[in-house]
Amino acid sequence: MQTKETRVEPFGLLLEPSRPGADVRDLDVKRLRGLLARERLLVLRGFRTFGDAEDFAAYCERFGEISVWPFGKVLELIERNNPEDHIFDNNYVPLHWDGMYRPQVPELQLFHCVKAPRAGQGGRTTFSDTTLALEFATPAERELWGKVTGSYQRKMEFYDSRTVSPIVDTHPFRGHPVIRYNEPPRAGFGAFLNPPVLEFTGVPEAEIAEFHRTLREALYSPKCFYAHEWQEGDVVVTDNFSLLHGRESFETKAPRHLRRVHVLSHPPLDNPRLVSHR
């Protein structure tokens, strides 16, 4: 199928159909995977998509083996009444990588927008390309980040796990450096439900604040950072091994409904940084 391709700044590619009514399932998945290896984020917009969660999961299986959670293959990302965790409220979510608390780390995230917030209601999904952050960093910043190790512990309804990872790690299959960082919740965003327990070591305590400051500046730099404003029907595919992602806060009860599926690499990547898991 022919598509219109537009660069997403500062990274990624937007694909739109060249004819009305084209079905996303008619796109060549091998070609999409090739584009993703280069671009790290794909937005598929304007296509006919999926009727329900099972339909979406069936499509995702074309990309590889799906990581199955206790709830199944598809996570329904929608604000809950009286949520017990920040995933299901309307607050912002700090940058992190998916699968960090799971026995296997997924290679890909696939999102499908069922309902999008209206203009001005917030709720963009945020992405930071850590390969670009390292490329643009100064030698002093890379040296500082390379000394730090993060310890992350989190308990919620799907797991109770602890992960310990160097901040500057290596892509498991391509060998280039990447950043693995669970950004601490920042002040000024209201009550943060069920935060993880975080500890950062490797440098003197006096340097920890500088570590967080410089790393956040790099990850949120316009050279590395993209915030996706959802439109109904959007399908977004991302490289979870290279990117970090989060969420902007949104107006409570806004019509924001995303579905998310994790696809494992081939072979699946057993989490090399997982210390404990229940």
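The values are calculated or read from the model by the stated rules, or taken from the named source; none is laboratory data. This is a predicted model, so every value here is computed, not measured. A quick note on method: Cβ atoms are made from the backbone with ideal geometry, for glycine too, and the neighbour counts reach across all protein chains shown.
Considering (1) more than 26 Å from K30 (Cα to Cα); (2) surrounded by fewer than 16 Cβ atoms within 10 Å (Cβ to Cβ), the lone condition that Q231 does not fulfil carries the number (1).
Kindly indicate which of L110, L132 is of a type outside the set (S, T, Y), at pLDDT 95 or above and in contact with a helix residue (DSSP H, G or I) (Cβ under 7 Å, 6 or more places away or on another chain). Please lay out each step first, then the result.
Numbers: L132 fails: in contact with a helix residue (DSSP H, G or I) (Cβ under 7 Å, 6 or more places away or on another chain).
Only one candidate qualifies: L110.
Within the stretch 180-206, being under 21 Å from S276 (Cα atoms) and outside any loop (DSSP other than H, G, I, E, B) holds for V197, L198, E199, F200, T201.
Tell me yes or no: at least one residue of the stretch 248-261 is under 22 Å from A57 (Cβ atoms) and among the aliphatic types (A, V, I, L, M). Explain how you work it out, then say what you get.
So the first thing to find is which residues in the stretch 248-261 are under 22 Å from A57 (Cβ atoms), and the list is 256-261.
Within this subset, residues satisfying the condition of being among the aliphatic types (A, V, I, L, M) are 258, 261.
Yes, the stretch 248-261 contains at least one residue that is under 22 Å from A57 (Cβ atoms) and among the aliphatic types (A, V, I, L, M).
For G122, the conditions (1) on the phi < 0 side of the Ramachandran plot; (2) in contact (Cβ under 8 Å) with a residue 12 or more places away in the chain all hold with the exception of (1).
Report, by residue number, each residue of the stretch 167-176 that is buried (at least 17 other Cβ atoms within 10 Å of the Cβ) and part of a strand (DSSP E or B).
Going through the stretch 167-176, the residues buried (at least 17 other Cβ atoms within 10 Å of the Cβ) turn out to be 167-169.
The answer is V168, D169.
Residues that are over 11 Å from the mean Cα position of the chain (by Cα), closer than 21 Å to T252 by Cβ and surrounded by 21 or more Cβ atoms within 10 Å (Cβ to Cβ) within the stretch 93-133 comprise C113, V114, G123, listed in sequence order.
T131: in contact (Cβ under 8 Å) with a residue 24 or more places away in the chain and either assigned to a strand (DSSP E or B) or in contact with a Gly (Cβ under 6 Å, 6 or more places away or on another chain) (or both), yes or no? It is false that T131 is in contact (Cβ under 8 Å) with a residue 24 or more places away in the chain and either assigned to a strand (DSSP E or B) or in contact with a Gly (Cβ under 6 Å, 6 or more places away or on another chain) (or both). F11 meets each of the listed conditions (1) more than 27 Å from A218 (Cα to Cα); (2) touching a residue at least 12 places away in the same chain (Cβ under 8 Å); (3) surrounded by 12 or more Cβ atoms within 10 Å (Cβ to Cβ) apart from (1).
Considering the stretch 131-151 alone, what residues qualify as being within 17 Å of R216 (Cα to Cα), among the hydroxyl-bearing types (S, T, Y) and touching a Phe, Trp or Tyr at 6+ places or on another chain (Cβ under 8 Å)?
Step one: filter the stretch 131-151 for residues within 17 Å of R216 (Cα to Cα), giving 131-150.
Going one step further and asking which of them are among the hydroxyl-bearing types (S, T, Y), we end up with 131, 138, 149.
T149 - this is the single residue of the stretch 131-151 that is within 17 Å of R216 (Cα to Cα), among the hydroxyl-bearing types (S, T, Y) and touching a Phe, Trp or Tyr at 6+ places or on another chain (Cβ under 8 Å).
Selection over the stretch 78-113 of residues that are under 23 Å from F56 (Cβ atoms), free of Cβ contacts under 8 Å to residues at least 12 places away in the same chain and of a type outside the set (F, W, Y) gives a count of 1.
Within the bounds of the stretch 176-191, is there any residue that is among the hydrophobic types (A, V, I, L, M, F, W, C) and in contact with a helix residue (DSSP H, G or I) (Cβ under 8 Å, 6 or more places away or on another chain)? Looking for residues that are among the hydrophobic types (A, V, I, L, M, F, W, C) and in contact with a helix residue (DSSP H, G or I) (Cβ under 8 Å, 6 or more places away or on another chain), one finds at least one in the stretch 176-191, hence yes.
I'd like to check which strands (runs of 3 or more DSSP E) are fully inside the stretch 214-264 and have at least 2 residues that are among the basic types (K, R). Write out each step before concluding.
Numbers: elements: 225-228, 235-239, 243-247, 257-263.
Correct list: 257-263.
For R48, the test of being farther than 26 Å from Y220 by Cα and surrounded by 15 or more Cβ atoms within 10 Å (Cβ to Cβ) is failed. Contact map, the stretch 245-259: residues that are farther than 19 Å from W97 by Cβ paired with residues that are aromatic (F, W, Y) and assigned to a loop (DSSP other than H, G, I, E, B), Cβ distance under 8 Å, separation 6+ or inter-chain. Pairs shown: S249/Y92; S249/F189; R256/W230.
Screening the candidates L258, L244 for the property of being surrounded by 15 or more Cβ atoms within 10 Å (Cβ to Cβ) and either of a type in the set (F, W, Y) or touching a Ser or Thr at 6+ places or on another chain (Cβ under 6 Å) (or both) yields one hit, L244.
Counting just the residues of the stretch 148-166 that are in a strand (DSSP E or B) and at pLDDT below 95, which one comes out nearest to T201 (Cα to Cα)?
Just the residues of the stretch 148-166 that are in a strand (DSSP E or B), to begin with: 149-156, 159-166.
Next cut, at pLDDT below 95 only: 154-156, 159-160.
Working: R154: 18, K155: 21, M156: 25, Y159: 24, D160: 22 Å.
Looking at the filtered set, the residue picked out is R154.
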